[in-house]
Structure formats: structure tokens, C-alpha cells
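So the structure is just underneath, and the comments pick up after that.
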Amino acid sequence: MAPRTVLAGVLFAAALAGAAVARAGGSLPPWSDPNDIPVPRWAKAVAPHGDEAPVFRSPSRAEPRRGSLSAGARLPLYGAVRGPGCGGRWFQIGAAAWACSDEVELSADDPPPFVPGPALSAPFADDGLPFHYAFVGPDGASGYRDLEHAEEETSEVDFDRGFVVAIVEEQSAHGQRWARTRHGVWIALRELGVVRPTTLRGEALREGEPVDVGWVLPDHAVTYDSPKATKAVGVRMRFDPVRRREEQKGPHGAMIRVSADGAKEEWLPAAALAMPTVASPPEEAGGDRASVRWIDVDLATQTLIAYEGTRPVYAALVSTGRGAQGSETATPVGVYRIWVKLQTSTMSNLGDEEADSRYSIEDVPYVQFFAKGVALHGAFWHHGFGAPHSHGCVNLTPVDARWLFEFTAPRLPPGWSAVLPAGATDPATVVRVR
């Protein structure tokens, strides 16, 4: 499947260039009000003062939010204008994207060039995680802002057992190794345990072929020579991908042949497999229009399929909410649209004084909220895919979460930490839970 990100990038650049010429009487960006101070010749980009600098749809703080920027990013500069809610000028950094000089500044650095992502049908070679992650050990952990004086003073941040931190740097000091979290806290590595994410990943689906993929759920699943299940011939392991070649009813229930035609026959009980089911698109996703992307989450099979129109393009195992429908820990059934995407988001229950136990996971990757506080996101702290496990969100492996993050709209531009839909002209991807 050819990626649409290339076309999107071309149209995006063309739209901005057209807007610049129209507003500046034919001049190239960056444009500005002819009656205002010109944009300095050396200015090539916009740089946030810190993390989470806000972006708005128009040059006014009264306009809807469009997203936020990452510290250290360099954003393209298309124009400058005065507007409400900004002590200086608003800078245009993209289509329907404006940042105020109160939170950003001009930079002489070149913004990074547009680089399209990999073909969405291609698997990622790595584990899908944006950082290294670590669990806090059984005795908890102490955190320090200043590594030079770590352990000489009282700790500034304390972490409970089982908390998760994102690691961005390691150094040696005071006779041992230390790790710096993404939030600038140093923790002794002896107090941490490195996260080892699952190798499970979804399956790209070829056009015109049936959706026959499935995954083994038990730790060990015995295969049989026939649907009667009278003779064991092998073993399949948990999360092994299989193909559904044929289905028959046996004495012990439905049986699935997973061996290829002409090979030694192997049959598995259907109950030992998670197999996604194809469904028609909801009206909210544009009906049968072939170009519209949408996501279908099946609670019964604990699987997800990504579609373009009626064509399934990717299937994956998930873990949804473990609660009954209507409870706080359920993944709610219904049709929704993604209302915000975040590169990472910290998830915890530290504000819930009635919680039985506390948890905090820093920088959960590839988060896409679609039903208030319910999101699609990567999960590296458990391997329970194929069964309900979460507090309500749809958990995916990191690789699958990243694939979906790149597949859905709105697209997160480079240098942004979060993005919201631009409006009716740029509708967000539909997510259906059934």
C-alpha cells in the first residue's frame, strides 16, 4: 500500500505557499503585515521556549487549540501577524497552526525537511518504543534533579514500586550508574528494572485476500490431525500467528485448520485462537467510500482492524477495558472520532484517593483519545493482549500503536507533541467499538 503521507505533504506545502503569496502580494514566505516590522532576514524557523507551547487554529488565543510543541523543535516559519492574546506577534507554523511569540521565538536554524514515513504495509524493524523504559524496583526509588549532589541530600522525587519511567540518558557518578528520566530526574539504575516489550505485532492485509489471520492465545496449544482431535501432532505457542484455512465442527466444538494445503494437517480449537472479523463501515466513516480510513475494535475477539473504506489493511490483537459496559473500566461501545493525538502522555491514578493501589506510567507512547479519557495507545508493561486487561483504554503493542498513530488523522507534524483536528475540513479518523 503506497503511503499517503507523501501526497499529504505536497498538498500541505502547496496550500501554505498559496496562502503566503495571496497575503503578501506575490512575495514568498515568511510574509508579514506590510505596515509592521518585517520578519528578520535571518529567521528561518520558530523555536518553542519550552515543552507544550500551545498552537491555535488562528492568530488569536480565543480560537480553538490545534495542539502543542515539543521543546527543542524547529518549526517552519510561514508568516507573522498581530492578534488578540499575544504580547508580540503570532507566527504561522503550518496549515491552521499559529504560535504566539510569548511561548516561541524566531530561530536562524533550518527546520527539518519533510520526510515521509515508511510504507504503512511495511513492519517496523525495532520494538516501536520512542524511549527506553524502566520499572521502579520493589523498594521504590529516589530521584534527584542534580546528579552531582545526588544521595548527598534528601531526594526530591520518590517513586513507588512498580511505577514506570522513561529513560533518555545514562551516566556514571558516585561509584554507580544513573539514569535520567525524560522529566529531568536522576535515579540510580540499581533501583530500576529495564522494560522488555513484547515482540508481538499485527499483520498487514493484502488487497483482495481474505482476512484469515489469527493468533494463538494459550501458552501452549496442542494441534491435532483432524477436527475430531483424536491425535496430537504438534504444539503452537502463545501469540504465534496462524492462518485460518478451514473450519469444521468437531466433537469438542469448532476446529480450525491452520496447516497449509498439502502439508501435514494441523487443527486447533477455535477457542484457542483470537481471529478478527470483518465488518461494514459505519455511516460516520463515510460509508463505502474507498479513501476513508477508520478503525474497528471488536470486544468479543479482542482484535482491531484498520480499514480504508471497506478494505481491511491491518489487523492486530488488543487488550480492552476489563470492566462491564457502563463501568469506569469498560471500553465504551459506540462510534467516535479521535479528538486529540499525543506523542506521549503520562497516565496515573495518583489523584484518586479511593484507589486500592497507585500506579504511574510516564510517557505512554502513541496516545489517541477518542471517547473522552479513553484512548488507543501503546502498552509495554504487560503481555496480556487478546484478553481484557486495561482500565478502559484500548492497549496495543508499541509497534501496532505506532502503525495506527501514523495511519490516522489528524497527522502529528514533526516537532509537535500533540495535535487536535483542524475542523470540519480536516475530519479526524472514526473509531468504532463493538
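Express in nm, to one decimal, how much length is gained between T310 and V333 on full extension, taking 0.36 nm for each residue of separation and deducting their alpha carbon distance. Could the numbers behind the result be given before it?
On the way: separation 23, 0.36 × 23 = 8.28 nm, distance 2.05 nm.
Difference between extended and current length: 6.2 nm.
May I ask for the angle, rounded to the nearest 10°, between helix 398-407 and the longest principal axis of the chain, with both axes built from Cα atoms and the value confined to 0 to 90°?
Compared with the principal axis, the helix lies near 60 degrees.
Cα to Cα, under 20 Å, and not fewer than 8 places away if on the same chain: which lysines meet these conditions relative to K231?
Once the sequence-local lysines are set aside, what remains near K231 is K249, K264.
So for the pair A62, V211, with labels modelled 7 Å out along Cα→Cβ, what separation do we get in nm?
4.6 nm
Treating the angle as unsigned and between 0 and 90°, give the value, to the nearest 10°, between the Cα long axis of helix 5-23 and the longest Cα principal axis of the chain.
With both axes taken from Cα atoms, the answer is about 20 degrees.
In whole Hz and in residue order, list the ³J(HN,Hα) couplings for the range 311-322 that follow from phi through the Karplus curve 6.51 cos²θ - 1.76 cosθ + 1.60, θ = phi - 60°; x for Gly and Pro.
So the J values, rounded to whole Hz, are 8, x, 10, 7, 10, 8, 7, 9, 10, 9, x, 8.
Give a residue-ordered list of calculated ³J(HN,Hα) values for the range 76-91 (Karplus: 6.51 cos²θ - 1.76 cosθ + 1.60, θ = phi - 60°; whole Hz; x for Gly, Pro).
x, 10, 10, x, 9, 7, 7, x, x, x, 10, x, x, 10, 8, 10
What order do you get for F380, F131 when you list them from fewest to most C-beta neighbours inside 10 Å?
Listed from fewest to most nearby Cβ atoms, that is F131, F380.
Going by the alpha-carbon gyration tensor, a ≥ b ≥ c the square roots of its eigenvalues, is the range 212-274 rounded (a/c under 1.5) or, if a/c is not under 1.5, prolate (a/b greater than b/c) versus oblate?
Because its axes are fairly even, with a/c under 1.5, the range 212-274 counts as rounded.
If I measure Cβ to Cβ between cysteines in the chain, which ones have no partner under 4.7 Å?
C393
When only C-alpha pairs under 8 Å and at least 6 residues apart count, what is the relative contact order of the range 212-274, in percent? Don't skip to the answer; put the middle values down first.
Values: 147 pairs, mean separation 23.1, N = 63.
Averaging sequence separation for qualifying contacts and normalising by length gives 37 percent for the range 212-274.
Calculated FRET efficiency, H49 and R322, Cβ-Cβ r, R0 56 Å, to nearest 0.05?
0.85
Per-residue counts of other Cβ atoms within 10 Å, averaged by peptide: what ranking do you get for 402-409, 357-364, highest first?
402-409, 357-364
What nm distance separates the two modelled labels at Y359 and T154, each placed 7 Å from Cα along Cα→Cβ?
3.1 nm
Where a ≥ b ≥ c are the square roots of the eigenvalues of the C-alpha gyration tensor, would you call the range 155-218 rounded, which needs a/c under 1.5, or, failing that, prolate if a/b is larger than b/c, or oblate?
Working: a/c = 3.72, a/b = 3.10, b/c = 1.20.
Prolate shape, in that a/c is at least 1.5 and a/b is the bigger ratio.
Rounded, prolate or oblate, given the Cα gyration tensor of the chain, with a/c below 1.5 counting as rounded?
Oblate.
Values in this text are rule-based calculations from the coordinates and carry no lab data. Just so it is clear, the structure is predicted and the values come from calculations on it, not from any experiment. Neighbour counts run over all protein chains shown; Cβ positions are idealised from the backbone, glycine included.
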